[in-house]
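Participant: Below are the structure tokens for one structure; questions will follow.
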Amino acid sequence: MLVYMTKLDVFKSMGGRKTLIEINKIFYDKVYAHPWLKQYFQAIPQQHIEDQQIDFMQKVLGGKNVYVGKTPPATHHHMFISDELFDVRKKLLIEAFEESNADINLVDKWLVIDESFRRLITNKSPVECKPRFKTDPILNFSKPFS
């Protein structure tokens with residue numbers, strides 16, 4: 001007998017919202033402690049970012065859509081994000097998956113989604129970035145010495 005699973009069923013089978021909360025807590029604890037990445041989040045409360053990411057990932061992974069934020073390109077256009085910086089972030093995300101013992105199907109889907117945004121939010125130069133408002137600076141932080 002063939003059993004049809006809805007997107008919501010698949011989302012729940014991968015751990016659902018509870019798992020997203022756990023992964024994002026671990027991940028953003030790492031981001032806010034990282035000497036390079038944390039600079040991009042100085043003015044934003046961690047819980048706000050976690051909540052936004054949980055809602056966004058729930059939506060794109062097949063859960064109930066409760067996300068009300070901007071698209072990733074619109075959210076990041078004022079930040080100079082190089083491929084190197086994107087990779088540093090991705091490494092921390094993978095560590096969060098491992099530490100939370102995330103379902104491999106969830107990890108695979110999440111990483112495909114994450115990677116699909118690389119070309120939309122990374123830049124080769126800060127001049128490619130656009131300020132949110134005329135008075136806002138482009139966020140561009142040098143990699144700290146290791």
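Participant: Working only within the stretch 7-65, note down all residues that are of a type outside the set (Lys, Arg), touching a residue at least 12 places away in the same chain (Cβ under 8 Å) and not in a helix (DSSP H, G or I).
Facilitator: MET14, GLY15, HIS34, PRO35, TRP36, LEU61, GLY62, GLY63
Participant: Let me ask something additional. With the condition kept exactly as written, say whether any residue in the stretch 100-110 is under 25 Å from GLN42 (Cα atoms), among the aliphatic types (A, V, I, L, M) and surrounded by fewer than 16 Cβ atoms within 10 Å (Cβ to Cβ). Don't jump to the end; show me each part of the working.
Facilitator: Here is the first cut: in the stretch 100-110, the residues under 25 Å from GLN42 (Cα atoms) are none.
Among the residues of the stretch 100-110, not one is under 25 Å from GLN42 (Cα atoms), among the aliphatic types (A, V, I, L, M) and surrounded by fewer than 16 Cβ atoms within 10 Å (Cβ to Cβ), which makes the answer no.
Participant: Is at least one residue of the stretch 76-92 among the small types (Gly, Ala, Ser), buried (at least 16 other Cβ atoms within 10 Å of the Cβ) and touching a residue at least 40 places away in the same chain (Cβ under 8 Å)? Working first, answer last.
Facilitator: Restricting attention to the stretch 76-92, the residues satisfying the condition of being among the small types (Gly, Ala, Ser) are 82.
From what's left, buried (at least 16 other Cβ atoms within 10 Å of the Cβ): none.
Checked the stretch 76-92: no residue is among the small types (Gly, Ala, Ser), buried (at least 16 other Cβ atoms within 10 Å of the Cβ) and touching a residue at least 40 places away in the same chain (Cβ under 8 Å).
Participant: Quick one: is THR75 closer than 16 Å to TYR28 by Cβ and of a type in the set (Ser, Thr, Tyr)? Give the derivation first.
Facilitator: Values: closer than 16 Å to TYR28 by Cβ: yes; of a type in the set (Ser, Thr, Tyr): yes.
In short, yes.
Participant: Which ranges mark the helices (runs of 4 or more DSSP H) fully within the stretch 78-124 that have 2 or more residues being under 19 Å from GLU50 (Cα atoms) and of a type in the set (A, V, I, L, M, F, W, C)?
Facilitator: Details: elements: 83-99, 104-116, 118-121.
Those helices (runs of 4 or more DSSP H) span 83-99, 104-116.
Participant: Which number in (1) more than 16 Å from the chain's Cα centre (by Cα); (2) in a helix (DSSP H, G or I) marks the one condition that PRO144 misses?
Facilitator: In the conditions (1) more than 16 Å from the chain's Cα centre (by Cα); (2) in a helix (DSSP H, G or I), PRO144 misses (2) alone.
Participant: All but one of (1) at pLDDT below 95; (2) over 17 Å from LEU139 (Cα atoms) hold for VAL112; which doesn't?
Facilitator: (1)
Participant: Hey, can you tell me all the residues within the stretch 103-122 that are closer than 14 Å to GLU84 by Cα and touching a helix residue (DSSP H, G or I) at 6+ places or on another chain (Cβ under 9 Å)? Don't jump to the end; show me each part of the working.
Facilitator: Our first condition is that a residue be closer than 14 Å to GLU84 by Cα; within the stretch 103-122, this holds for 115, 118-119, 121-122.
Selection gives GLU115, ARG118, ILE121, THR122.
The values are calculated or read from the model by the stated rules, or taken from the named source; none is laboratory data. Bear in mind the structure is a predicted one, so any value in this text is a computation, not a measurement. Backbone-built Cβ (ideal geometry, glycine too); neighbour counts: all protein chains shown.
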